[in-house]
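K.L.:
Next up is a structure, given as structure tokens.
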Amino acid sequence: MDITNIFTVTPMNQQITLERGKVFSGSIQVSNPATAAEDFSFQVKIAPYGVEGNSYDANLVTDTAYTEITKWITIKNPAGTLKPNEVATVDFEVNVPEDAPIGGQYAALLVSFDGRDSQETGVSIKNKFELASLLYARVDGEVERKGEIIENSIPGFVTEIPIKTNIVLKNDGNVHETAKIGIEVRSFFSPELIYPKAGESGALEEVVMPGTTRDLTQEITNIAPLGIYEVTQTVLYMGSDAIVTKQIVVACPVWFMFLVAATIAVITTVIVGLVKHNKRKREVL
């Protein structure tokens, strides 16, 4: 089931700056879609937010030094009911203590909905749905910013689309960093830009949490499966000069390789046959 057909939460994430001893006021919006058949009742709670592994699996359970913000947040209206096509604003405050640690603090505003009972194989099941609005907070002060781009690579040969590029980013500081990634694709035989399409953006922004290394795979879609392309990937990270990688990528589907191999085999067989035939004719003469 597509959870966005039940309700939506915006923004999905927000970056905020906090000051020691001050109060930050913010909000999120919870929407019941116009296509909903009934009223929608929701609850909002606070959870710590962290990540696990280089693939960044979300951890909404474990408390760390970077999730103390969960103790500072108060939700003013943590529950509500919406009719179809209605939107509720959920306000929250962050009361930052005087001794708050400088650097990154992370939490999730979890919006949950206990679904109506459904019958499956004679058993009554109540589904629970949750969406999170992530808070990337920075407590103002002299933060430690340290990290690097470990990898920015593009394959030279692929047998299927999408073309998958790889980026590895390391953050040894105490606050989150935002990497800006741009991808452009041109035909090897023409300077015309074929990705992104006109009116589309090939630029992405990805957050790298403090004390972590993040692997990012970018996928280049909507291009022909057979061709030779010039792919450029630009990574701007931690305010340093952009790292640019250019690569000629040969895209050749497996079926085309089999076709070429079969064609070569047929041509080789014909040539060998002709050579043998001519040899026999010379022997007869």
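A short reminder: the numbers here are calculations on the coordinates, not readings from a lab. Because the structure is predicted, anything quoted here is derived from the model rather than measured. For neighbour counting, all protein chains shown are included, and Cβ atoms are generated from backbone atoms with ideal geometry for every residue, glycine included.
K.L.:
Sticking with the crude label model, points 7 Å out along Cα→Cβ, report the distance from ALA262 to GLU144 in nm, one decimal please.
P.N.:
6.2 nm
K.L.:
Specify the angular offset, from 0 to 90 degrees and rounded to the nearest 10, of the alpha carbon long axis of helix 254-284 from the longest principal axis of the alpha carbons in the chain.
P.N.:
That works out to roughly 10 degrees.
K.L.:
May I pose another question? Ignoring GluC sites (Glu not before Pro) that are buried or in helix or strand per DSSP, and keeping those with at most 15 other beta carbon atoms within 10 Å, what is the longest stretch of the chain between them?
P.N.:
Answer from the scan: 201-285.
K.L.:
Counting Lys and Arg as +1 and Asp and Glu as -1, each charge on the Cβ, what is the dipole of the chain about the Cα centre in debye, to the nearest 20? It would help to have the intermediate numbers written out before the result.
P.N.:
Numbers: 24 positive and 35 negative charges, 357 e Å.
Dipole about the Cα centre, nearest 20: 1720 debye.
K.L.:
Do any chymotrypsin sites (Phe, Trp or Tyr not before Pro) in segment 164-238 lie in a DSSP loop with no more than 13 other beta carbon atoms within 10 Å, and if so, which? Before the final figure, lay out the partial values.
P.N.:
Working: sites: PHE188, PHE189, TYR229, TYR237; in loops: PHE188, PHE189, TYR237.
Within segment 164-238, the qualifying chymotrypsin sites (Phe, Trp or Tyr not before Pro) (loop, at most 13 other Cβ atoms within 10 Å) are PHE188, PHE189.
K.L.:
Which trypsin sites (Lys or Arg not before Pro) from segment 1-79 combine a DSSP loop assignment with at most 10 other Cβ atoms within 10 Å?
P.N.:
Here no trypsin sites (Lys or Arg not before Pro) fit, given the DSSP loop and packing criteria.
K.L.:
Modelling each spin label as a point 7 Å along the Cα-to-Cβ direction, I'd like the GLU151/THR221 distance in nm, to one decimal.
P.N.:
2.3 nm
K.L.:
What FRET efficiency comes out for the pair THR17/CYS252, r = Cβ-Cβ distance, R0 = 51 Å, nearest 0.05? Before the final figure, lay out the partial values.
P.N.:
On the way: r = 49 Å, r/R0 = 0.97.
E(calc), rounded to 0.05, equals 0.55.
K.L.:
List the relative contact order of segment 140-217 as a percent without decimals, with contacts defined as Cα pairs under 8 Å and 6+ residues apart. The partial results should precede the final answer.
P.N.:
Working: 133 pairs, mean separation 26.1, N = 78.
Here the relative contact order equals 33 percent.
K.L.:
Still on this structure, I have one more. Whole percent per 5 Å bin, from 0 to the bin with the longest distance: what is P(r) over all C-alpha pairs of the chain?
P.N.:
Per 5 Å bin, starting at 0, the Cα pair percentages come out as 1, 5, 9, 11, 10, 10, 11, 10, 9, 7, 5, 3, 2, 2, 2, 1, 1, 1, 1, 0, 0, 0.
K.L.:
Towards the positive end of the charge dipole of the chain, with charges on Cβ (+1 Lys, Arg; -1 Asp, Glu), say which of ILE223, ILE167, VAL254 has the farthest Cα.
P.N.:
VAL254
K.L.:
Over 22 Å between Cα atoms, which of LYS71/LYS180; LYS180/LYS246; LYS146/LYS180; LYS164/LYS246; LYS45/LYS170 qualify?
P.N.:
Numbers: LYS71/LYS180 31 Å; LYS180/LYS246 17 Å; LYS146/LYS180 16 Å; LYS164/LYS246 14 Å; LYS45/LYS170 31 Å.
Correct reply: LYS71/LYS180; LYS45/LYS170.
K.L.:
What's the FRET efficiency of THR35 with THR232 using the Cβ-Cβ distance as r and R₀ = 41 Å, to the nearest 0.05? Write out the running numbers ahead of the final one.
P.N.:
Details: r = 41 Å, r/R0 = 1.01.
Rounded to the nearest 0.05, the efficiency is 0.50.
K.L.:
Pop the C-beta distance of SER201 and LEU60 into the FRET formula with R0 = 35 Å and round what comes out to the nearest 0.05. Write down the numbers at each step before the final one.
P.N.:
On the way: r = 30 Å, r/R0 = 0.85.
The calculated FRET efficiency here is 0.75.
K.L.:
Next question. Per DSSP helix of 4 or more residues, -39500 (n - 2.57); summed, then divided by the residues of the chain. What does that give at 222 nm, rounded to the nearest 500?
P.N.:
On the way: 1 runs with 31 residues, N = 285.
Calculated from helices alone, the mean residue ellipticity at 222 nm is -4000 deg cm²/dmol.
K.L.:
Please tell me the relative contact order of the chain in percent, rounded to the nearest whole number, where contacts are Cα pairs under 8 Å and at least six residues apart.
P.N.:
Computed value for the chain: 16 percent relative contact order.
K.L.:
For VAL272 paired with PHE188, estimate the spin-label separation in nm (one decimal), with each label point 7 Å from Cα along the Cα-to-Cβ line.
P.N.:
3.0 nm
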